[in-house]
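Q: Once you've had a glance at the structure underneath, I'll fire off some questions.
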Amino acid sequence: MLIEFLFELRSRKLRVTTHEWMALMEAMALGLHESSLNGFYRLARSICVKDVTQFDAFDEAFLAYFRGVTADSLNLSDELLSWLRDPKHLASLSEEERALIESLDLDRLRELFEQRLREQSERHDGGNRWIGTGGTSPFGHGGYHPTGIRVGGGGGGRSAMQIAEERRFRDYRKDRVLDVRQIDVALRGLRDLGREGAPDELDVEESIDATCKNAGDLELVFRAPKRNQLKLVLLMDVGGSMDPHADLAERLFTAASRAGRFSRFRPYYFHNCVYESVYEDAAFRRPVPVPDLLAASGRDERLVVVGDALMHPAELLSAGGAIAFSHHNRKPGIEWLRHIAEAFPKRAWLNPEPERFWPGSTIELIADVFPMWSLTLEGLEDAVGHLARGTGTR
Amino acid sequence: MTSHADSFDRFQGTERYIASDDLRHAVNVSLALERPLLVRGEPGTGKTLLAENIASVLGCELVKWHIKSTTKAQEGLYTYDTVARLHDSRFGDGDVRDIRQYIHYGPLGRALAAPERVVLLIDEIDKADIEFPNDLLLELDAMRFRVSETGDEVVAERRPFVVITSNNEKELPDAFLRRCIFHYIEFPDADLMRSIVRVHHPDIEERVLDQCLEVFFNLREVPRLRKRPSTSELIDWISALRRAGVPLERVGHGIPFLGSLLKNEQDFSYAKRRGLA
């Protein structure tokens, strides 16, 4: 029956594998779920879900699957009542328990019991699988039902259903298009390994050679370790029409800016289109004139632009077309873009807009100047391949 | 089930470390299943401390492996000190023919070679190269490795209990995740935080604590902070307040020692502009 829960999880895009499922079964065989729904919730979550952004999907699946179980528990009442009616069972109870049951007449008991169960299916309450409001419940004293259904028992703490219902992890949820790791893997292609810096790595082969030449007297040869020599300039469009893509751009930035990935990494920002200056910060407080940027960049540096390249044609093609009202550009944006393109033979433009929107917009014009790929895993890999080879157009 | 219960519920937190129910449960599940425990959470929520406390509760030695961006999986197992051997061959020190002298076990190697069970902490695994976790898969699964220079096979007599922490910065590979028990340390709520502070400052006055917590949680609510203050910063801040003997009345109107709560320059000046300092 539980196998359905696995499919429930998988239907919500949780990639629970057989490996993890078997671990869960093993854990349950060891009794690690503590025979309670709470315990099972924790256990299943800690084994099956490895990412806090997926906790919410797990909560959903858990609710969908086990809400049914709590509702089914209403069917149980008949069985339980017939058990209560049978005096043979009452005999096995202690004096105290018998007194307690007898103090309630059967109709009242049934009423209470059904009420409690209804409450439960509505509120998904209680610390135990069936009824769990704790020690004062008249239903909590009987111990085990003859057919093995446990009634009563310890409440206390918050139940799995309550936790799942709260869906505290909703905020963490991201149905990611492209996660940081995928970007990371893709960017690994951007390498230009070379030896540079202090020689602090022993070159065993060379040392043996040198020692032999030295008539067996030891001669150690050191060399610089291999490092990525690739330099990257990242130019990012922020604000306005880029806002819906801010997350994606942020992830690319996170992956690209990891320490030690490139020998030199410089991010700059612009809004809408590049004119006289780009900015060192996304708040546009520290401008860097484009000619200065170009002068400070070598021709082997790679340039990646991230932007939607979508604007009013005048913003790209006319002098004075800059979107900021206070800013008057004497040269049209496309001229500035051509300047930059000339300075960076190895360049790529990543566009988060779906490719089907490209024709007939400013995107097409810019794609003439910058080889352009869509900001998807595939596009990113192609762009990286292009940058690593470093020549030609798309 | 009952017979197992004794061996199961083993980790309860300690006097020095307050663990939530969920965390205790996760630790015990990974103890029982003998799988690595992967802990993630905001920086400063006590991920590293957890391993120390598990070790002290289980009464075993703790082997720490702090991961840096340059750490290689091989270094965790062992390194072969070629330079020392060449050096010795030249100056005639030591027995050069015995390669074992020049094999040094790394933290993972030591944990596997230990005769007793140890707790191995692999701290901040996400800092290393992206393939690093995958390189550890075989050793963590089989709990054995081979020293290729000598042909020695090291097999763990008792599987070490492995605690892995990560700062939630980046995804780890699926194959690696599949083998772990996962726990996300949520930020403590006010009640849990109260008991955590009590552990570190047992004699703090209730009134002071109330006020400190209020300031602290309000500060966390301030929008657009780059790094919100966490548990360890709260504890440091309270120490600073007490040591300096700042009068109680001042807490609440402008925060003294704001620098021990906000470590980011932008955050600090931002909070100042909002009149918090």
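Q: Residue B:182 is checked against (1) in a helix (DSSP H, G or I); (2) modelled with pLDDT of 85 or more and fails just one. What number does that condition carry?
A: Result: residue B:182 fails condition (1) only.
Q: Checking the conditions here, which among B:69, B:20, B:89 is over 28 Å from residue A:50 (Cα atoms), out of contact with any Ser or Thr (no Cβ under 9 Å at 6 or more places or on another chain) and either loosely packed, with under 15 Cβ neighbours inside 10 Å or within 11 Å of another protein chain (Cβ to nearest Cβ) (or both)?
A: Result: B:89 is the single residue among B:69, B:20, B:89 that is over 28 Å from residue A:50 (Cα atoms), out of contact with any Ser or Thr (no Cβ under 9 Å at 6 or more places or on another chain) and either loosely packed, with under 15 Cβ neighbours inside 10 Å or within 11 Å of another protein chain (Cβ to nearest Cβ) (or both).
Q: Related question: Sort through B:123, B:141 and tell me the only one that's within 12 Å of chain A (Cβ to nearest Cβ), of a type outside the set (Ser, Thr, Tyr) and under 24 Å from residue B:176 (Cβ atoms).
A: Going through B:123, B:141 in turn, just one is within 12 Å of chain A (Cβ to nearest Cβ), of a type outside the set (Ser, Thr, Tyr) and under 24 Å from residue B:176 (Cβ atoms): B:141.
Q: Enumerate the pairs (first residue in region B:183-207 and within 14 Å of chain A (Cβ to nearest Cβ) and surrounded by 14 or more Cβ atoms within 10 Å (Cβ to Cβ); second residue anywhere and assigned to a strand (DSSP E or B) and at pLDDT 85 or above) with beta-carbon separation below 9 Å, excluding pairs fewer than 6 apart on the same chain, so at least 6 apart or on different chains.
A: What qualifies is B:183/B:37; B:183/B:38; B:183/B:39; B:183/B:40; B:184/B:39; B:184/B:40; B:185/B:39; B:185/B:40.
Q: Further, regarding this structure: Out of B:163, B:154, report the one residue that is in contact (Cβ under 8 Å) with a residue 24 or more places away in the chain, part of a strand (DSSP E or B), in contact with a Pro (Cβ under 8 Å, 6 or more places away or on another chain) and not assigned by TED's automatic domain parsing to the domain that holds residue B:220.
A: After ruling out the rest, the residue left standing is B:163.
Q: Right, here's the next one. Which residue pairs have Cβ atoms under 7 Å apart, sit 6 or more places apart or on different chains, and have a first residue in region A:341-353 that is within 26 Å of residue A:240 (Cβ to Cβ) and a second that is at pLDDT below 90 and of a type in the set (Asp, Glu)?
A: Taking only residues 6 or more apart or on different chains, the pairs are A:344/A:301; A:351/A:308; A:352/A:308; A:353/A:308.
Q: While we're on this one: Let me spell it out: the conditions are (1) away from chain A (no Cβ under 14 Å); (2) free of Cβ contacts under 8 Å to residues at least 24 places away in the same chain; (3) surrounded by 14 or more Cβ atoms within 10 Å (Cβ to Cβ), and residue B:147 meets all of them except one. Which number is the exception?
A: Result: residue B:147 passes all but (2).
Q: May I ask you to verify whether residue B:172 is of a type outside the set (Val, Ile, Thr), within 21 Å of the chain's Cα centre (by Cα) and either surrounded by 17 or more Cβ atoms within 10 Å (Cβ to Cβ) or assigned to a helix (DSSP H, G or I) (or both)?
A: yes
Q: Additional query: Is it the case, given these coordinates, that residue A:384 is in contact (Cβ under 8 Å) with a residue 60 or more places away in the chain and surrounded by 20 or more Cβ atoms within 10 Å (Cβ to Cβ)?
A: Considered against the rule, which asks whether it is in contact (Cβ under 8 Å) with a residue 60 or more places away in the chain and surrounded by 20 or more Cβ atoms within 10 Å (Cβ to Cβ), residue A:384 comes out as yes.
Q: Please find, within region B:33-66, the residue that is surrounded by the most Cβ atoms within 10 Å (Cβ to Cβ) out of those that are within 11 Å of another protein chain (Cβ to nearest Cβ) and farther than 21 Å from residue B:108 by Cα.
A: B:41
Q: Among residues belonging to region A:3-20 that are of a type in the set (A, V, I, L, M, F, W, C) and free of Cβ contacts under 8 Å to residues at least 40 places away in the same chain, point out the one that is surrounded by the fewest Cβ atoms within 10 Å (Cβ to Cβ).
A: So the residue we want is A:3.
Q: Return the residue satisfying two criteria in turn: it lies in region A:201-229 and is more than 11 Å from chain B (Cβ to nearest Cβ) and in contact (Cβ under 8 Å) with a residue 24 or more places away in the chain, and of such residues it is nearest to residue A:254 (Cα to Cα).
A: Looking at the filtered set, the residue picked out is A:228.
Q: Quick check on region B:114-121. Is at least one of its residues out of contact with any Cys (no Cβ under 6 Å at 6 or more places or on another chain), among the basic types (Lys, Arg) and closer than 18 Å to residue B:51 by Cα? Please lay out each step first, then the result.
A: Applying the first criterion (out of contact with any Cys (no Cβ under 6 Å at 6 or more places or on another chain)) to region B:114-121 yields B:114-116, B:120-121.
With the extra rule that they be among the basic types (Lys, Arg), the set shrinks to none.
Scanning region B:114-121, I find no residue that is out of contact with any Cys (no Cβ under 6 Å at 6 or more places or on another chain), among the basic types (Lys, Arg) and closer than 18 Å to residue B:51 by Cα, so the answer is no.
Q: Any idea which residue in region A:21-47 is surrounded by the fewest Cβ atoms within 10 Å (Cβ to Cβ), counting only those that are facing chain B (nearest Cβ under 9 Å) and of a type in the set (Ser, Thr, Tyr)?
A: Among those that are facing chain B (nearest Cβ under 9 Å) and of a type in the set (Ser, Thr, Tyr), it is A:35.
Q: From the list A:189, A:194, A:260, A:157, pick out the single residue that is modelled with pLDDT of 70 or more, outside any helix (DSSP H, G or I) and within 14 Å of chain B (Cβ to nearest Cβ).
A: Numbers: A:194 fails: within 14 Å of chain B (Cβ to nearest Cβ); A:260 fails: modelled with pLDDT of 70 or more; A:157 fails: modelled with pLDDT of 70 or more.
The conditions single out A:189.
The values are calculated or read from the model by the stated rules, or taken from the named source; none is laboratory data. Remember, it's a predicted structure, so these values are computed and weren't measured experimentally. With ideal geometry, Cβ positions are generated from the backbone for all residues, glycine too; neighbour counts draw on all protein chains shown.
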